[in-house]
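Handing you a structure now.
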Amino acid sequence: MNTNKSGVRALVSLCVAHGVRQVIISPGSRNAPITIAFENHPEIKTYSIVDERSAGFVALGMALKTKEPTAVVCTSGSALLNYAPAVVEAFYQHIPLVVISADRPNEFINQGLGQSIEQHNLLSSIVKKSVSLPNIIVDNNQQWYCERLINEALLAAKTGKTGPVHINVPLSEPLYELTSEPFENPKHIKYSSVAKAQWSIPEVERFQKTLILVGQNQIGQELNDILSELSKQSNIQIWTEATSNVAHPNFIDGIDKLLASFSINDTLLFAPELLITIGDAIVSKRIKSYLQQVNNFEHWQIGQSPEVVDTYKHLTHIFEGNEIEWLLSFKNQLPKNSNSTYQSIGLTQKQQLEKAHNTYCEAADYSDFSVYDAICKALLNNDIDIHVANSAAIRYMQLFERSASQTYYCNRGTSGIDGSTSTAVGAAMVTEKPVWFLTGDISFLYDSNAFWNEKLPKNLKVVIVNNHGGGIFRLIDGPNKTKVLDQYLETHHQLDAANICAQHKVAYQIAQNIEEVNNGIAWLQEQESTAVLEIFTPRLLNSDILKDYFKYIKNYTYGNN
Ligand SMILES: Cc1ncc(C[n+]2csc(CCOP(=O)(O)OP(=O)(O)O)c2C)c(N)n1
Ligand SMILES: [Mg+2]
């Protein structure tokens, strides 16, 4: 019989999956479920040592000799602190000691109960990673979270420079309820490092539908080349965004457009068997919910970081190292012939979408949509850097055509609106290239001190799309159902950038219709000093036009227009 605490069973299964074999247990009641589960597992050897200080060092000795991660398990309270001398030794010797402490549930800490202290992060300065698991697992999200945290800690112990980690396990009473349930198969995230000369990629011929998703990066030409080669494979689709900074006719750009066009059947047809991700942030929100809902696929994360980033909740393997080398290896290991129709399904849909998109653009009313369309058309094929502010600007930029001569930047690390203008200024200060900065009004006004700079770069051209507030809040579902939209979310205003530009002696023009927009862009292109074009758009119409666009491309794709 095993403990009925499913999180604890997952912890033990994952310890086994990550190579833990020896576990030293010190006595206590709070840790009884963990003791029961480890003792039950056929691949684990358990030992009992009363003194946690000594237990820590015994585990250290085992790990030293076996080179395997070795676990110690204790009850809540001061027991955990007694591991500290062994943990600090393991930290400086880089020994993978896995410290597992039982804990009281959070709500009972500092409430006068025995053996309850602040355990989370207690060892943080002498371990590679500390995690605290959720107490009760009530839904799939929490199960995913619990399994992800355990994987993260165990991967940290084993990878890079190895070392100790701390897994804190809050447990509520009753502690001794048993079940005959076998150990489940929690999600095991595997890891491979660049240390291998040739990447060993597990049985790639298994996959008829491989989706390569390219997040934000500045890797450049080499990435473009290898992805272009891969995009000719019949079982591969490559999805990109503006900030992916790659371009090829076979890549499917504009993920939001693609997903908006899906019929129910498409959601199945396009569902990958293998997802490969490269680069950092993905702007599209739709893809996150789409992939999270697809059943059963493998997700391989390729890149220079061993950190678990499980955006799509299916992460199965982290390959740490150089993306280009990995992709070359991957390509060499692909089977020569595949009858898959995955690539052609993607490209057919792409063609349809292009037709729908062009037809819609021709007729679209003056709005944020038509303004960004005009800007993208005017800048296409220019050899320039384009900085884009957060919120609606970066989302619109996903919809229009780009060229390989343009490099896109956006502060998507945390998507703040606080420093986009200053970032563009800084980038322009160290390049001779023209730098274009496309921003919303709130983002621009927020960071207006960006112009307070005695070396304001002459090559910086700024386009402000002023829709009189945070237009993004009219685009997303939810805010429009509330009374607080105008005043507190959109923060509707009548401000403009004229005085800011005047104060800093920056050339300034406005545009209020599409003709003025086109003239304004041409004017900006001619300016030999920092210049700003402020474009005013119809605040309330913008969201209708964008929503109509997504409806239109779906209907068009299925012949309803
Ligand atoms: C520092 C910071 N504060 C608040 C937010 C939340 N936020 C996201 S978008 C946005 C409004 C942006 O409006 P604007 O720049 O006018 O762009 P639009 O959506 O209208 O194109 C706000 C306040 C944020 N991302 N960063
Ligand atoms: Mg705005």
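The values are calculated or read from the model by the stated rules, or taken from the named source; none is laboratory data. Because the structure is a prediction, the values reported are computed rather than measured. So basically every Cβ, Gly included, is an ideal-geometry build from the backbone, and we count neighbours across all protein chains shown. Just so you know, the surface numbers come from the protein's heavy atoms only, side chains and all, with ligands and any DNA or RNA stripped out. Shrake-Rupley method; radii C 1.70, N 1.55, O 1.52, S 1.80 Å.
Residues that are open to solvent by 10 Å² or more (accessible area, probe 1.4 Å): list the strands (runs of 3 or more DSSP E) wholly contained in region 3-115 that include at least 3 such residues.
Ranges flagged: 45-48.
Suppose we keep only residues that are touching a residue at least 12 places away in the same chain (Cβ under 8 Å) and assigned to a loop (DSSP other than H, G, I, E, B) within region 418-449. Which one would you say is nearest to ligand 1 (Cβ to nearest atom)?
Once the filter is applied, the top-ranked residue is D418.
When residues of region 432-449 are filtered for being open to solvent by 40 Å² or more (accessible area, probe 1.4 Å) and away from ligand 2 (no atom under 14 Å from the Cβ), how many remain?
So the answer is 4.
Quick one: in region 455-472, which of the residues that are within 9 Å of ligand 2 (Cβ to nearest atom) and of a type in the set (A, V, I, L, M, F, W, C) is nearest to Q527 (Cα to Cα)?
Only one residue tops the list, namely I464.
Return the residues of region 452-469 that are away from ligand 1 (no atom under 16 Å from the Cβ) and under 17 Å from P434 (Cα atoms); say none if nothing qualifies.
The answer is K455, L456, P457, K458, N459, L460, K461.
Applying the selection to region 228-255, what residues are open to solvent by less than 20 Å² (accessible area, probe 1.4 Å) and within 17 Å of P272 (Cα to Cα)?
L230, S231, N235, I236, Q237, I238, W239, T240, F251, I252, I255
Name the single residue that is nearest to ligand 1 (Cβ to nearest atom) among those in region 366-417 being in contact with a helix residue (DSSP H, G or I) (Cβ under 7 Å, 6 or more places away or on another chain) and among the charged types (D, E, K, R).
Within region 366-417, the match that is nearest to ligand 1 (Cβ to nearest atom) is D368.
Right, here's the next one. When both residues are 6+ apart or on different chains and their Cβ atoms are under 9 Å apart, which pairs have a first residue that lies in region 350-368 and is under 16 Å from A260 (Cα atoms) and charged (D, E, K, R), and a second that is assigned to a helix (DSSP H, G or I) and open to solvent by 50 Å² or more (accessible area, probe 1.4 Å)?
So the pair list comes out as K355/Y556.
Scan S26, S76, S6 and give me the residue that is under 33 Å from the mean Cα position of the chain (by Cα) and hydroxyl-bearing (S, T, Y).
None of the other options fit; the residue is S6.
For residues in region 481-500 being touching a Ser or Thr at 6+ places or on another chain (Cβ under 9 Å) and among the hydrophobic types (A, V, I, L, M, F, W, C), which is nearest to ligand 1 (Cβ to nearest atom)?
L489
Hey, another quick one. Looking at S338, S367, S391, can you tell me which residue is open to solvent by less than 10 Å² (accessible area, probe 1.4 Å) and of a type in the set (S, T, N, Q)?
S367
Do you know which residues across region 476-496 are within 12 Å of ligand 2 (Cβ to nearest atom) and within 18 Å of F536 (Cβ to Cβ)?
Within region 476-496, E490, T491, H492, H493, L495, D496 meet the criteria.
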